């Protein structure tokens, strides 16, 4: 009997901690995406600072090195800089609670358009603040949402590697209409495009070549390449499409 | 008798192990990667672009690189908001100077007609949608690709 009791006891010692440990681990597997703590986001530094723009003191909230929102107005007894500090503190607090960029949304808080994180207020896009930016409150909150989301996700507008030429400023911009030619089937015209960019570059564009791609069998991608030649791909840098003519934008 | 007891205990331990395995989730189904199609069904275009915009952007840039036609500017994938339909209808890759591209949050699609020719204007804007009375156009940025998310 004794050896069997020892075996049973040993089995109990091994199994019980295993079961308890795994039962404790279970909830994390079913956590909703909105509350998933993301290491990358918890390591993000959130700061605020006071700057002077056009002689006016403004408060800025930074995620990493990116300014995600700028407050120009003092309100509620706080200066613009102090308000930015409050927003930065809120954002830090929500991130430390495990929220991520997925929790961000535009909604209403106390009947005012606001940027929210979960159900919590991050910052109010009040009409005066929006007017100073030349926006409506919804547009301002939308812009803040986009900036904050991108900064928290670590998305930056990345320049394409391998290119030796930089994108020119459109100081002397003009437009031109050229045919859209299929890159896969040379000579097949698919419509027309209005291209825009610096005049000296737009003048060299003879056609826009369309390259068709498929991403994950779910997205059909039509890439438009302004070219100096109709029959082959010779990209004109600094020129992009601003309108599509006689072209069915989406095939659904 | 001893042998029977021994087998009973072995069977008991085996049963315990299996029960523990089931309870503890040891027999969890294999994980499945969530694809663009799944996200589209659940959250629509804006969520799909938020989740997959970076990948689509790199996918386009890599394809262009293979054709020696990569754009020299910064690029980004954003949703297209149709002014006429008042809804998101797809996505676009915008390109331009990095500082300006960073400001772009969406592309507004507006119906145009030049004489008898119909078309769609594509305007990079600094907001996700264009529900206000005016468009916050971002200058110096154009469209490099459009992405149909409904195939």
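For B:90-100, what's the mean count of beta carbons from other chains sitting within 10 Å of each residue's beta carbon?
Numbers: counts 6, 2, 2, 4, 3, 9, 8, 8, 6, 1, 4.
If you average over the peptide's residues, the count of other-chain Cβ atoms is 5.
Can you pull the percent of Cα pairs in region A:39-153 with separation above 17 Å?
Numbers: 3317 of 6555 pairs.
More than 17 Å apart: 51 percent of the Cα pairs in region A:39-153.
For B:127, A:50, which order do you get if you count the other beta carbons within 10 Å of each Cβ and list the fewest first?
With the sparsest Cβ surroundings first, the list reads A:50, B:127.
Calculated FRET efficiency, residue B:87 and residue B:10, Cβ-Cβ r, R0 56 Å, to nearest 0.05? Let's see the in-between values first.
Working: r = 65 Å, r/R0 = 1.15.
Between residue B:87 and residue B:10 the formula returns 0.30.
Pop the C-beta distance of residue A:231 and residue A:126 into the FRET formula with R0 = 51 Å and round what comes out to the nearest 0.05. Working shown, then result.
On the way: r = 56 Å, r/R0 = 1.11.
E between residue A:231 and residue A:126, to the nearest 0.05, is 0.35.
Take the Cβ-Cβ distance between residue B:68 and residue B:47 as r, set R0 to 25 Å, and report the resulting FRET efficiency rounded to the nearest 0.05.
Values: r = 34 Å, r/R0 = 1.36.
With a Förster radius of 25 Å, E is 0.15.
Counting only other chains, what is the mean number of Cβ atoms within 10 angstrom of the Cβ of each residue in peptide A:219-232? Kindly include the intermediate steps, with their values, before the conclusion.
Numbers: counts 15, 7, 12, 6, 12, 7, 7, 4, 1, 0, 0, 0, 0, 0.
Averaged over the peptide's residues, the number is 5.
Taking the square root of 5 times each eigenvalue of the Cα gyration tensor, what semi-axes in Å does the equivalent ellipsoid of region B:35-147 have, largest first? Display every interim value, and only then the final one.
Working: eigenvalues 94, 69, 40 Å².
The answer is 22, 19, 14 Å, longest axis first.
A short reminder: the numbers here are calculations on the coordinates, not readings from a lab. Remember, it's a predicted structure, so these values are computed and weren't measured experimentally. No Cβ is skipped: glycine too gets one built from the backbone with ideal geometry, and neighbour counts run over all protein chains shown.
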